[in-house]
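The values are calculated or read from the model by the stated rules, or taken from the named source; none is laboratory data. On a predicted model such as this, the values are computed, not experimentally measured, just so you know. Reconstructed Cβ throughout: ideal geometry from the backbone, glycine too, with neighbour counts over all protein chains shown. What goes into the accessible areas is simple: the full protein's heavy atoms, side chains included, and nothing from ligands, DNA or RNA. Shrake-Rupley method; radii C 1.70, N 1.55, O 1.52, S 1.80 Å.
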Amino acid sequence: SEANEFKEYEDDDEIPRIIPETEDAVDATGRLIDQQPMYDKLLNAEVTVQNGKVLSVGVVKRRAIGPDGNIVGTYDDNPMMNSLVYEVEFPDRHLKEYAANVIAENMLS
C-alpha cells in the first residue's frame, strides 16, 4: 500500500544526503568480520571468580586493552568461544584481567 511505501524527504533548504549501499565485511567462510554488538552482555555483570586463594565477587568493568592500544582477544557470539579479555573490579577496588570464556563459565556455575 502507498501508506507503507518509503518516500525520501525533500525540502528546498538542504540538498539530499545519499547513503551508499554497502555489504557487510565477511571472511572466506561468509562469517561477519569483527562485528561486535553495540552492547556487550558481560559488561557490568557480577561474577564470582578465583582471586588469589579465595573466591571473590567482582564486577566486569571494561574490555582490556593491550600494550599496542587494541582490544585483547576476539569476539564471538558464543560466550564460551569469546576470547576477549575483560577487567574485573573487586570490592577492594583492585582490577584483574579475565578471559571472557572464564567469566562466562563462572557466571554459569
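See the values below:
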read-out	value
Partners for LYS41 among lysines (Cα-Cα distance below 26 Å; same-chain residues under 8 apart left out)	LYS61, LYS96
Amide H partners (placed H, <5 Å) of ASP76, local residues excluded	ASN82, SER83, LEU84
Residues whose placed amide H lies under 5 Å from that of ASN51, excluding near-sequence neighbours	SER56
Cut-off under 5 Å, modelled amide H: who pairs with ARG62 long-range	GLU87
Residue-by-residue Karplus 3J(HN,Hα) for segment 92-103, coefficients 6.51, -1.76, 1.60, Hz, glycine and proline x	7, 6, 7, 10, 9, 8, 9, 6, 4, 5, 5, 4
Accessible carbon and sulfur surface of segment 52-109 relative to its total accessible area, %, 1.4 Å	56 percent
Packing-based ranking, highest mean first, of 94-101, 65-72 given that Cβ atoms within 10 Å are counted	94-101, 65-72
Phi-based couplings in Hz for segment 48-64 (Karplus 6.51, -1.76, 1.60; Gly and Pro marked x)	9, 10, 5, 10, x, 9, 10, 7, 10, 8, x, 10, 6, 9, 6, 6, 6
